[in-house]
Amino acid sequence: MAPPTPSVNALALEQSAVLTRNEHISQIIVTATQMRDIEARIFAAGMPVSALMEKVAGLIARRIQDILGQDCISSRVGILTGPGHNGGDALVVARELHFMGYEVWIYSPFDKLKELTSQHLQYAQSLGIPCYQDIEQLSDCDVLVDGLFGFGLERKITEPIASAINQLNEWGKPIISIDLPSGLHTDTGEVLGTAIRATYTFCLGLWKQGLLQDQALDYVGKVELIDFDIPLADVLAVLGDTPEIKRITRAAALSTLPLPRPPVTHKYKEGHLLLICGSRRYAGGAILTALGARGSGVGMLSIAVPESLKHLLVSHLPEALVIGCPETETGAIAQLQLPDNTDLSSFSAIACGPGLTKDATSIVEEVLTSDRPLILDADGLNILAQLGTIPTLQKRQSATILTPHTGEFSRLFPDVADAKHDRVKAVREASAQSGAVVLLKGARTAIANPQGSVWINPESTPALARGGSGDVLTGLLGGLLAQVVNKEIPIEDIVATAAWWHAQAGILAARERTELGVDAFTLSQYLLGVLNAEGRGGVI
Ligand SMILES: NC(=O)C1=CN([C@@H]2O[C@H](COP(=O)(O)OP(=O)(O)OC[C@H]3O[C@@H](n4cnc5c(N)ncnc54)[C@H](OP(=O)(O)O)[C@@H]3O)[C@@H](O)[C@H]2O)[C@@H](O)CC1
Ligand SMILES: Nc1ncnc2c1ncn2[C@@H]1O[C@H](COP(=O)(O)OP(=O)(O)O)[C@@H](O)[C@H]1O
Ligand SMILES: [K+]
């Protein structure tokens, strides 16, 4: 089924909306240290710790009730409680669920508890809620609430808790984790020994960085933010001048789109993108990149390919200006042969790389010297790694954007932090080192600018783990960049918008066609549907 057509008016309205508190909060990502500092300000201002715990746990209990359903009061709920305030939250949830009529059993394996947590345990027991130190006692529960550890976990989980967690995971029952699945590092998402595999995670107050790291995704389940009205002023006071880490939200992404178009315009005013891509060996990559660019709405598209691919490209993209270039024996572009009166500075932006093969070295050298904003992807990145010219990127007159997957990333930045361990740190270091905006692809694509600001795309689909979907992204990003590059929008915001748009197209396509139905060509056909304000129900 074809994706629905966009409603531009609704979209424009959405773009013009001011950033509300909720929108602001939904963009913010914090580390454990930042969360602790924000919490300290709230307490210092007079909010009692116990009152905040009541408020937070009350919200959690009501959300659990929504999930379990009012008519399921026969459900037996197991509450896993740790020694800190995550355990305290869980114990308040236990009490509230008990009063709602659920049968509640508590697992409390620690002898030493924080004072507030200890008081809540004492009260829960006084109400007659059974409490056990042996996890086996909870094997008959229908659902489990995980309050073992929250953002206070800093060291590896040891026995006997490690075995208890492994046992819980083996049972395969639904688990709702409070704040984050116990065992995950709050910042890196690393598994500290072992970790709860949650069905739901209710992240408290502000998004924790670890929940948006690829290595955490097998554990977090469906993640929701429980907003408990942290004052924005406290958040901003703590985050202050430190470079931000932000979630890409729909509103943020839409605000950089070139919509609505001015009524009086022409094709060159709406951006002229030069794509340099393809080889005899990789013809399809050039088509997919070009289809991504088409989906961006760019005013004018020129595509430089080896001469032998020219007719193929023309037949797929009749609107594009296809430039056939002399080719090497292996069928790579040997030299750029732009039309008369045209040089690289004639274009609004250049995207170079998909399907080039490593034989197109001179082409990458040439585009690096241009004064235009430049995206390097795929073999463009491999050639860059071979050239060893990353330090010279700083000297380019315009922005450079690098879009590696983790393999390309480690070839490009061998001495940067391990991208598998902490993608936020890795992408920041790579951007600082190169002076380029770096987009590190993955399940949660991360984008950094050289000043250390990071955007993370919080929603995507494994349907995109398919050959060619990265080519579509390069074309889409190129087309968007060409259109808005002169509008004083930060480059990383443009890159973030393209990453969001690409992922949302994947989500939309997967919803209609399953996760197995999103080949790269299909993906390119769903780009338009993402912008459809009316038909977006559930897309975000
Ligand atoms: N931010 C907010 O505004 C709000 C926060 N709230 C809640 O507070 C939570 C944070 O609470 P928290 O700071 O008490 O830490 P938490 O995660 O419960 O665990 C740390 C405890 O575990 C211990 N411990 C650590 N590692 C261990 C190990 N490997 N094996 C064994 N023990 C280990 C450590 O003791 P230690 O031995 O290190 O002294 C400490 O006692 C947060 O996630 C949220 O749920 C809400 O109530 C209200 C609003
Ligand atoms: N598990 C996943 N979940 C979400 N997105 C994914 C996943 N795996 C890959 N992607 C996305 O798919 C694209 C793959 O790009 P890339 O590896 O360059 O593929 P290709 O070179 O074949 O086009 C990237 O945008 C990446 O973020
Ligand atoms: K937890």
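Every number in this text was worked out from the coordinates using simple rules, so none of it is lab data. Being a predicted model, the structure only gives us computed values, none of them experimental. Glycine also receives a Cβ, built like all others from the backbone with ideal geometry; neighbour counts cover every protein chain displayed.
See the values below:
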quantity	calculated
Net length gained if the chain between Thr328 and Leu127 were fully extended (0.36 nm per residue, minus Cα distance)	64.3 nm
R0 of 60 Å, Cβ-Cβ distance Ala40-Gln386: FRET efficiency to nearest 0.05	0.75
Point-charge dipole on Cβ atoms (K/R +1, D/E -1) for the stretch 250-536, about Cα centre, debye to 20	580
Over the chain, relative contact order from alpha-carbon pairs under 8 Å, at least 6 apart, %	14
Fewest-first sequence of Asp340, Asp229 by Cβ atoms within 10 Å of each Cβ	Asp340, Asp229
Separation of alpha-carbon centers, the stretch 334-395 and the stretch 431-489, rounded to whole Å	18
Farthest toward positive dipole pole in the stretch 394-512 [+1 Lys/Arg, -1 Asp/Glu at C-beta], among Ile447, Val472, Ala417	Ala417
HN-Hα J in Hz across the stretch 210-224 - Karplus 6.51, -1.76, 1.60, θ = phi - 60°, x for Gly and Pro	x, 6, 10, 9, 3, 5, 8, 5, 5, 10, 7, x, 8, 9, 10
Estimated inter-spin distance, Lys112 and Met47, nm [label 7 Å along Cα→Cβ]	2.9
Residue order, fewest to most beta carbons within 10 Å, for Trp171, Trp500	Trp171, Trp500
Three-way shape label, the chain, alpha-carbon gyration tensor, a/c 1.5	prolate
DSSP beta bridges in the chain [antiparallel fraction, %, rounded to 5]	15
Shape category assigned to the stretch 149-200 from the gyration tensor of Cα positions, a/c cut at 1.5	oblate
Residues Glu136 and Leu236, FRET efficiency given R0 of 60 Å [Cβ-Cβ distance, rounded to 0.05]	0.80
Spatially proximal aspartates and glutamates relative to Lys420 (Cα-Cα < 20 Å; intrachain offsets below 8 disregarded)	Glu154, Asp187, Glu190, Asp214, Asp218, Asp377, Glu408, Glu429, Glu459
Three-way shape label, the stretch 181-289, alpha-carbon gyration tensor, a/c 1.5	oblate
Rough spin-label spacing in nm, given labels placed 7 Å along Cα→Cβ, for Thr369 and Asp340	2.4
Spatial separation of Cα centroids for the stretch 121-160 and the stretch 41-98, in angstrom	13
Residue-span extension gain [Ser315 to Ile67] - 0.36 nm each, minus C-alpha spacing	84.1 nm
5 angstrom amide H check on Val30, placed H, neighbours 5+ away	Trp207, Lys208, Gln209
Count, lysine Cα pairs under 28 Å in the stretch 29-243, 8 or more residues apart or across chains	16
Cα-projected label distance for Glu224 with Glu488, points at 7 Å along beta-carbon direction, nm	4.1
Relative exposure of Asp371, Asp471, Asp111, Asp146, judged by other C-beta atoms within 10 Å (fewest first)	Asp111, Asp371, Asp471, Asp146
Net dipole in debye of the chain [+1 Lys, Arg Cβ; -1 Asp, Glu Cβ; about Cα centre; nearest 20]	680
